[in-house]
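All remarks here apply to the structure that follows.
The values are calculated or read from the model by the stated rules, or taken from the named source; none is laboratory data. Only a predicted model underlies this, so the values are computations on that prediction, with no experimental measurement involved. Methodologically, a virtual Cβ is constructed for each residue, glycine included, from the backbone with ideal geometry; neighbour enumeration extends over all protein chains shown.
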Ligand SMILES: [Cu+2]
């Protein structure tokens, strides 16, 4: 019975391990977060944003904020009269719900011109589709089996 249960756990681990890459949470600016003096263009470069992913703007809410704007307002740094994203929390989470270009700026006077502006392009689909080579697939499979075995052995040791 104990071994049987371990095998079930093994199967679950083996099945669950490869499915980690679903939606991604992007902290804008990473460790720099949302502030002046960062090139968000550079931060966004090379990243792929998909529908279902999340942008998290982390910032000092006494100094900054985040507005979602249209492309022309992004260019001219025009702050909208109302905030479509809800309240400014300093930890604003934005679910990317649709494809296309999205623009965000800080609405504090001079901050958008000072670089607090982010443009991203949201793509269709939930995960990037790199063509997995046979080698990496094999590696992944072996890794799952390895993980599963470790888990199983641990379970058996704990049970006995
Ligand atoms: Cu700001």
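Descriptive notes on the structure:
- Where residue 65 falls short, out of the listed (1) in a loop (DSSP other than H, G, I, E, B); (2) surrounded by fewer than 18 Cβ atoms within 10 Å (Cβ to Cβ): (2)
- Test result for residue 53, more than 16 Å from the ligand (Cβ to nearest atom) and assigned by TED's automatic domain parsing to the domain that holds residue 32: yes
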